[in-house]
Structure formats: C-alpha cells, structure tokens
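Taking it in order: structure first as structure tokens, then the write-up.
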Amino acid sequence: MKKIVILIILIILLSIFLIFMHLNKPIKKNISKIDSTVNEERSYSSNIIENVKYTSRDAKGNEYTITALKGEIDIKDSNIIFLKSVKAIIKLKNSTEILIHSDFGKYDINNFDTIFTKNVIINYLHNRIKGQYLDFSIIRNSMIISQDVIYTDNSNILKTDVIEIDINTKDTKFFMYDNNDKVSLKKIK
C-alpha cells in the first residue's frame, strides 16, 4: 500500500516537473517583458492540484485519509502540500472514526503529519472539539488542538486553551497557557 502511495506521489511530482519544464522553454526574443511575467505566473501556478486525496496506514492497522478541494506543493520543499477546504478521517483499529474538518492544512507526505488551521472541527463519537489550530502527528500518536478551543459532549461545554489527545490510549489533557487561568466547564443538562 505504501509503495502505491509513493508511486502515485512520484508520478504527480514527475508530472509537475515536466509541466514546469514545458512552461519554462526559452521565450522568443521579440516577446515583451510583460509576456515574460505572464509566463512566470503560469509556471508558479503549475504546482496546484485539484481534489487532493492521500491515504496511509500504520503498522498497527490504523488508517489516515486526508482530502482537500485544492492543494499547492511548496516550492521550497516538495514534500509539503498546502491544502484548502480539508477533511480527514482517522480510522483507528478497534475504535471509532475521528473526523476532522478545517479551512486550511499543511500536509507532509513523508511522515503524514498535518497542521489544520482555521475553523477546525473534530468529531469523535458524541464529542466535538472546535478550535483554530490542530497539530496531528501519526509518529507522535498525538493531536494537539489550540486557539479558542471549545469541547462539547452530550452534557458539557468545556472551554480551554489547549487539548492534547494521545491517539493510541485516548488519554486527554485539558490545560491553559496561564497557570492562573482555569478551564471553564459548564453543564448542559
């Protein structure tokens, strides 16, 4: 499965390289400087991918799938893809799915680590976590959500600065940046 994903990534990168090379052919001398600028804009936009989807599976059988309406490969590091309108599904072995939505994301194709930003929503069982920033790492087996974090379940609303979740053990830590501040907990029912 990993070989297939790597092969697909290599094909995409090779295609992008070929497109980039095609768009950067020498320009005829009689073309004005304005036309040269237009050509540079075309070559810059050649690293955009529509309807992005990556799937990975770890040694324990957990599966991670991330999709986005649009992805842009980082020009400085081709292993990083900037995503727009992001959805992720984490299928943990012997557990329920975790669904993640965000406006933007930064995905590393080498280690599958993902940063989700702006309007992040995590749904798991009857729990929902909202925030503005989520650092998800398969290697660390952790999810760290921060910035305007609100956790809700069937009977509670909890407001905190940070929630840290161990993906394997489901151990969850709620904490505030300032030790003088307290996590806010409100009963719904």
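Read-outs throughout are calculated quantities, based only on the coordinates presented, and are distinct from any laboratory measurement. Keep in mind that what you see is a predicted model, and the values were worked out from it rather than measured.
Over 28 Å between C-alpha atoms is what I'm after, so list which of K60/K106; K60/K187; K87/K170; K93/K130 land there.
Details: K60/K106 24 Å; K60/K187 37 Å; K87/K170 21 Å; K93/K130 24 Å.
K60/K187, as the Cα separations exceed 28 Å there.
Any chance you could get the radius of gyration and Dmax over the Cα atoms of region 63-189, in Å?
Every Cα atom of region 63-189 included, Rg and Dmax give 15.0, 51 Å.
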